[in-house]
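In what follows, a single structure is set out as structure tokens and then discussed.
The values are calculated or read from the model by the stated rules, or taken from the named source; none is laboratory data. The model shown is predicted, which means the values in this text are computed figures rather than measured ones. Quick reminder, even Gly has a Cβ in these numbers, built from the backbone with ideal geometry, and neighbours come from all protein chains shown. Areas reflect the complete protein model, heavy atoms only, side chains present, ligands, DNA and RNA absent. Shrake-Rupley method; radii C 1.70, N 1.55, O 1.52, S 1.80 Å.
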Amino acid sequence: MAPSPTEQTLMAKDQVDSNKLHIAMFPWLAFGHILPYLELAKLFAQKGHQISFISTPRNIQRLPKPPPDLSPFINLVNLPLPSSSEINLPKDAEATSDMSREQVSILKRAYDSL
């Protein structure tokens, strides 16, 4: 027996929904990486894909807000760095712009431990 028009519509909707992706983006903790990744996230969101954009709380706070039409598709996920005492990370340092060039290796260790 052939599916009814309602069943065909539901099947087509399920097929379209199954073509949508959930993408996790976790850029390096430098705004030269974070901002281009956010722009790429917006392009994916325009296509209806769900994005989990992962960064540290302070970096998430410093990002421009996604446009209202894309906000439902972009989830900004806060992932705190390990405590400063474990890694010797300077206080409030969550991006390369928060520290000297010599301290970036400390940030790399913290990023690797996430």
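Counting other C-beta atoms within 10 Å, and keeping those with at most 10, which DSSP coil chymotrypsin sites (Phe, Trp or Tyr not before Pro) do you find in the range 19-66?
When the chymotrypsin sites (Phe, Trp or Tyr not before Pro) of the range 19-66 are filtered for loop state and at most 10 Cβ neighbours within 10 Å, nothing remains.
Test of the criteria: in the range 14-75, which trypsin sites (Lys or Arg not before Pro) are in a DSSP loop and have at most 16 other Cβ atoms within 10 angstrom of their Cβ?
LYS20, LYS47
Once neighbouring chains are kept in place and the probe is 1.4 Å, which whole percent of the accessible area of the range 20-113 is contributed by carbon and sulfur?
Solvent-exposed carbon and sulfur of the range 20-113 make up 55 percent of the total.
Please state, as a whole number in µm²/s, the translational diffusion coefficient that the Stokes-Einstein equation yields for the range 20-113 at 37 °C and 0.692 mPa s, with Rh defined as the Kirkwood radius across alpha carbon pairs. Before the final figure, lay out each step's value.
Details: Rh = 13.9 Å.
Estimated via Stokes-Einstein, D reaches 236 µm²/s.
Residues of the range 65-114: accessible area per residue at 1.4 Å, in Å²?
65
Mind ranking SER55, SER18, SER105 by accessible surface for me, highest first, 1.4 Å probe?
Values: SER55 0, SER18 85, SER105 60 Å².
So, going from the largest accessible area down, we get SER18, SER105, SER55.
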